[in-house]
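I have placed the structure first, in the form of structure tokens, so that the comments after it can refer back to it.
The values are calculated or read from the model by the stated rules, or taken from the named source; none is laboratory data. The shown structure was predicted, so the numbers you read here are calculated from the model rather than taken from an experiment. FYI the Cβ positions are ideal-geometry reconstructions off the backbone, even for glycines, and counts take in every protein chain you see.
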Amino acid sequence: MKIFKSPVTRLLVVLTGALAITACGPTGPERSGYMAGIGGPPQQPATGAPSHPAPAIPDDISYWDGEGSTGSPLIKINRSQQKAFFYKNGILVGVSRISSGKEDHATPPGKYKIIEKDLNHKSTVYGCFKDKASGQMLNDNVDIRVDKIPPGAIYYPAPMPNFMRITGGVGMHTGYLPGYAASHGCIRMPHQMAEKFFANVVVGTPVIIE
């Protein structure tokens with residue numbers, strides 16, 4: 001995913017992405033490939049983030065225009081729009097497409113603050129099982145609290161680069177975007193946008209989730 005400013009460039013990307021999706025055929029969350037790179041050979045897909053594939057739909061929304069801007073940061077998360085808005089001194093400087101919590105793991109609304117930053121965070125709860133010998137994916141939606149490791153398998157925790165904790169186990173981080181709310185409560189973002197948000201917040205930065 002690139003960070004776009006030009007409307008013309010955005011249109012070209014939408015058209016190109018639409019062709020790519022048609023060529024690849026339909027995909028679903030059970031075949032998302034979200035954890036495909038975990039524990040396997042290093043990969044650098046279109047998001048630029050290890051182990052995270054490109055968004056399922058073209059990203060003609062995300063952009064960053066905050067270089068050189070000063071002032072206090074503020075983030076607003078709009079779950080109905082599936083967007084995150086970054087402000088500096090009250091001025092909008094960036095917008096990111098997101099994937100927030102699905103219905104049974106909804107991202108909690110409210111007013112929060114960033115309470116932790118962890119550049120190379122990994123989930124302590126969610127991940128995947130892979131076959132030790134072949135590396136074949138056995139289950140890419142594991143909750144280690146309830147799922148037992150099958151014989152001959154190994155567990156890999158889900159990577160969450162650029163993790164910005166908001167409350168409890170909920171935070172913003174690099175992640176796969178299927179085009180709808182699909183996470184376990186966190187706010188997934190395209191890698192390059194998560195990098196920008198991460199670099200421009202501090203512990204204590206206000207976050208409003210609507």
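A few comments on the model shown:
- When the stretch 74-130 is filtered for residues that are in a strand (DSSP E or B), out of contact with any helix residue (DSSP H, G or I) (no Cβ under 6 Å at 6 or more places or on another chain) and of a type in the set (S, T, N, Q), the ones remaining, listed by number, are 78, 99, 120, 123, 124.
- Residue count, the stretch 161-178 (criterion: outside any loop (DSSP other than H, G, I, E, B) and among the aromatic types (Phe, Trp, Tyr)): 1
- Condition met for residue 204 (touching a helix residue (DSSP H, G or I) at 6+ places or on another chain (Cβ under 6 Å) and either modelled with pLDDT under 95 or in a loop (DSSP other than H, G, I, E, B) (or both)): no
- Any chance residue 112 is under 19 Å from residue 77 (Cβ atoms) and surrounded by 15 or more Cβ atoms within 10 Å (Cβ to Cβ): yes
- Failed condition for residue 59, given (1) under 16 Å from the mean Cα position of the chain (by Cα); (2) at pLDDT 95 or above: (2)
One line per residue, one yes/no per condition, for (1) surrounded by fewer than 22 Cβ atoms within 10 Å (Cβ to Cβ); (2) assigned to a strand (DSSP E or B); (3) touching a residue at least 24 places away in the same chain (Cβ under 8 Å); (4) not aliphatic (A, V, I, L, M):
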{"position": "139", "(1), (2), (3), (4)": "yes, yes, no, yes"}
{"position": "159", "(1), (2), (3), (4)": "yes, yes, yes, yes"}
{"position": "180", "(1), (2), (3), (4)": "yes, no, yes, yes"}
{"position": "185", "(1), (2), (3), (4)": "yes, no, yes, yes"}
